[in-house]
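> Following this message is one structure expressed as structure tokens.
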Amino acid sequence: MARYADPGAVEWVESSGGPLVVIPESALPSWLGSDSDEPGADYDSACEVDDWIGLIPVGGEAGLVLGGEPASTAFLPEHGLFVRWCAAESEAEFLEGVGAAVEVADWESELFWDVSGSVVLFDAVWAGSEFEGEDHVRVPLEPGRYAVRAAYVESDPLTSLVLVQLRCLP
């Protein structure tokens, strides 16, 4: 996990070059990452997602793949979204522009994701039982169905980001 500003401001998860995944905590023991040589293994399935977001099966549940660029990613609960840092001069400028980016975003089609509770954001290469301390972020979600959508936004010539919004459905 990286911090670009004051400690505790935002917790960022880094990628080693591949996609990041958001896996329900209850399915973590089923996520093998790149540890499996089986065809269609977890990491391979995550890498096959061509869009900004996609769902793949994980231990009887679904995991959310954050595809596209291997960008530093954080969850902002006040906005209900994952933000992916593609380019920005500073964390402060990046975060200040998130609200405006949400307003002008050209959202792609929604996915519908059933979640059994809290989820964990981490690098898809790791097995769900291997990561420790600072290389993941736990996101407390209420169990239910979520509409998930993504958008790439260039808010100015020096700032670009990917937004992945989660909205709990009634």
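> Just 89, 25, 110 to compare: in a GNM of the chain, with alpha carbon springs under 10 Å, which one fluctuates most?
Highest fluctuation among the options: 89.
> Would you mind calculating the gained length between residue 154 and residue 110 on full extension (0.36 nm times residue separation, minus the Cα-Cα distance), in nm to one decimal?
13.8 nm
> Let me ask something else about it. Relative contact order of the range 20-168, please, whole-number percent, based on alpha carbon pairs below 8 angstrom and at least 6 residues apart.
The value is 30 percent.
> Which one is right for this structure if P(r) over Cα pairs in 10 Å bins from 0, in percent is calculated from it: (i) 9, 28, 27, 23, 11, 2, 0; (ii) 10, 38, 31, 15, 5, 0; (iii) 10, 42, 36, 11, 1?
(iii)
> I'd like to compare 90-98, 26-34, 59-67: which one has the highest average count of other Cβ atoms within 10 Å, and what's the full order after that?
Result, highest mean first: 59-67, 26-34, 90-98.
> Assuming a ≥ b ≥ c are the square roots of the Cα gyration tensor eigenvalues, decide whether the range 64-155 counts as rounded (a/c under 1.5), prolate (otherwise, with a/b larger than b/c) or oblate. Can you show the working numbers first?
Values: a/c = 1.79, a/b = 1.26, b/c = 1.42.
It comes out oblate by the Cα gyration axes.
> Taking the simple approach of a point 7 Å from Cα along Cα-to-Cβ for both residue 14 and residue 35, what is their distance in nm?
For the pair residue 14/residue 35, the computed spacing is 2.2 nm.
Read the figures in this text as sums done on the coordinates, not as results from a lab. As the structure is a computational prediction, the values presented were derived from the model and not from experiment. Note that we place each Cβ from the backbone using ideal geometry, even for glycine, and neighbour counts take in every protein chain shown.
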